[in-house]
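Novice: Here it is, the structure, as structure tokens.
The values are calculated or read from the model by the stated rules, or taken from the named source; none is laboratory data. These numbers come from a predicted model, not from an experiment. Every residue, glycine among them, receives a Cβ derived from its backbone with ideal geometry; neighbour counts consider all protein chains shown.
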Amino acid sequence: MTIVVGFVPTPEGRAALDAAAVESRTHGESVLLVNAVSGDQRIDRRMASDADLAAARAVLDEAGVPYEVRQEVGAGDGADGVLRAAEQAGAAAIVIGLRRRTATGKLLFGSTAQRILLEAECPVLAVKAPRE
């Protein structure tokens, strides 16, 4: 089976990647790293650059776990991409990073993490980045 990690190039995304690597080693699963963005913005900070993806690959290489990297642009929002990948892979679990936001921020902007937590058909591990 596979552990799907929703990756964005942020401290939260890196925390999710680290947690996915640990889960993969612990349970003998492969990792499917998914960077999915809607593509409706000219500049989207959630879209991983080649350097971001190379750094993510280095983390997984160092962990010694089998992995695949998938980047999706224009296939719905990030939650859609992660949920679709998890369903297609028959994921054992999904790992996501959580951002610290105010209640107002969550109300106004919604939450990709919330959608994944509510709609996933498999267990979801949500991690926070260390406080700086």
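Novice: Anything in the stretch 24-37 that is buried (at least 18 other Cβ atoms within 10 Å of the Cβ) and in contact with an Asp or Glu (Cβ under 8 Å, 6 or more places away or on another chain)? List them, or say none. Let's see the steps before the verdict.
Specialist: The initial filter retains those residues of the stretch 24-37 that are buried (at least 18 other Cβ atoms within 10 Å of the Cβ), namely 24, 29, 31-37.
The answer is 29, 31, 32, 33, 34, 35, 36, 37.
Novice: Another question, if that's okay. Could you go through the stretch 71-88 and let me know if any residue there is assigned to a strand (DSSP E or B), without any contact (Cβ under 8 Å) to a residue 40 or more places away in the chain and in contact with a Leu (Cβ under 9 Å, 6 or more places away or on another chain). First the steps, then the outcome.
Specialist: Kept after step one, since they are assigned to a strand (DSSP E or B), are these residues of the stretch 71-88: 71-73.
From the residues that got through so far, the ones that are without any contact (Cβ under 8 Å) to a residue 40 or more places away in the chain too are 71-73.
Now drop any that are not in contact with a Leu (Cβ under 9 Å, 6 or more places away or on another chain), which leaves 71.
Yes, there is a match, as at least one residue in the stretch 71-88 is assigned to a strand (DSSP E or B), without any contact (Cβ under 8 Å) to a residue 40 or more places away in the chain and in contact with a Leu (Cβ under 9 Å, 6 or more places away or on another chain).
Novice: Looking at 36, 48, 56, can you tell me which residue is within 12 Å of the chain's Cα centre (by Cα) and at pLDDT 95 or above?
Specialist: On inspection, the qualifying residue turns out to be 56.
Novice: So residue 94 clears everything in (1) out of contact with any Pro (no Cβ under 9 Å at 6 or more places or on another chain); (2) surrounded by 19 or more Cβ atoms within 10 Å (Cβ to Cβ); (3) touching a residue at least 60 places away in the same chain (Cβ under 8 Å); (4) not charged (D, E, K, R) except one condition, right? Which one?
Specialist: With (1) out of contact with any Pro (no Cβ under 9 Å at 6 or more places or on another chain); (2) surrounded by 19 or more Cβ atoms within 10 Å (Cβ to Cβ); (3) touching a residue at least 60 places away in the same chain (Cβ under 8 Å); (4) not charged (D, E, K, R) applied to residue 94, the lone miss is (1).
Each row is one residue, and each column tells you yes or no for (1) in a helix (DSSP H, G or I); (2) modelled with pLDDT under 90.
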position: 97; (1), (2): no, no
position: 104; (1), (2): yes, yes
position: 108; (1), (2): yes, yes
position: 113; (1), (2): yes, yes
position: 116; (1), (2): yes, no
position: 122; (1), (2): no, no
position: 127; (1), (2): no, no
position: 132; (1), (2): no, yes
